[in-house]
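Report on the following structure.
The values are calculated or read from the model by the stated rules, or taken from the named source; none is laboratory data. A quick note: this is a predicted structure, and the numbers were derived from the prediction, not measured. Cβ sites come from the backbone with ideal geometry, for glycine too, and all protein chains shown count toward neighbours. In case anyone asks, the SASA skips ligands and DNA or RNA and just uses the protein heavy atoms, side chains included. Shrake-Rupley method; radii C 1.70, N 1.55, O 1.52, S 1.80 Å.
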Amino acid sequence: LVNVLKGEMSIVGPRPELLDIVERYTPEHEFRLHVKPGITGPWQVFGRSDLTFDEVLAVEREYVENLSLVRDIRIVLMTLPAVFGRRGAY
């Protein structure tokens, strides 16, 4: 959260979250706060609003635990079709 407030973001990373939601995090949610949030990330390309909160956490935990440049490139390439295809956008 501090990274977002300072304007420090990555191209790929977990979705930045609203402060009121972060305040309700339990310890198992806090892994998202240990990496820079991203402009795009697994949430955007693997379902967006079609995912439940638990599903969002699952895809983002898997991303954080398996960070790699190849995965980041894949997510960047998948972002445009996801956005323009409006998958999960309401």
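From the Cα trace of the chain, what convex hull volume per residue do you get, rounded to a whole Å³?
Value for the chain: 95 Å³ per residue.
Springs between Cα atoms under 10 Å define the GNM used for the chain, and in it the highest mean-square fluctuation of P16, P37, P27 occurs at P27. In the chain, Cα pairs under 8 Å separated by at least six residues give a relative contact order of 33 percent.
Put T79, T52 in order of accessible area, highest first, and with a 1.4 Å probe you get T52, T79.
Label sites at I73 and I21, each approximated as a point 7 angstrom past Cα along Cα to Cβ, lie 3.0 nm apart. Exposed loop sites here mean trypsin sites (Lys or Arg not before Pro) with a DSSP loop assignment and at most 14 other beta-carbon atoms within 10 Å; the chain contains its longest site-free run at 25-85. Where does helix 53-65 land angle-wise versus the long Cα axis of the chain, in degrees 0 to 90, nearest 10? Once rounded, the angle reads 90 degrees. Less than 5 angstrom separates the built amide H of I11 from those of I39, all sequence-distant by 5 or more or on a different chain. Relative to the longest principal axis of the Cα atoms of the chain, helix 69-84 runs at roughly 70 degrees. Toward the positive end of the charge dipole of the chain, with +1 on the Cβ of Lys and Arg and -1 on the Cβ of Asp and Glu, the farthest Cα among N66, M9, P27 is that of M9.
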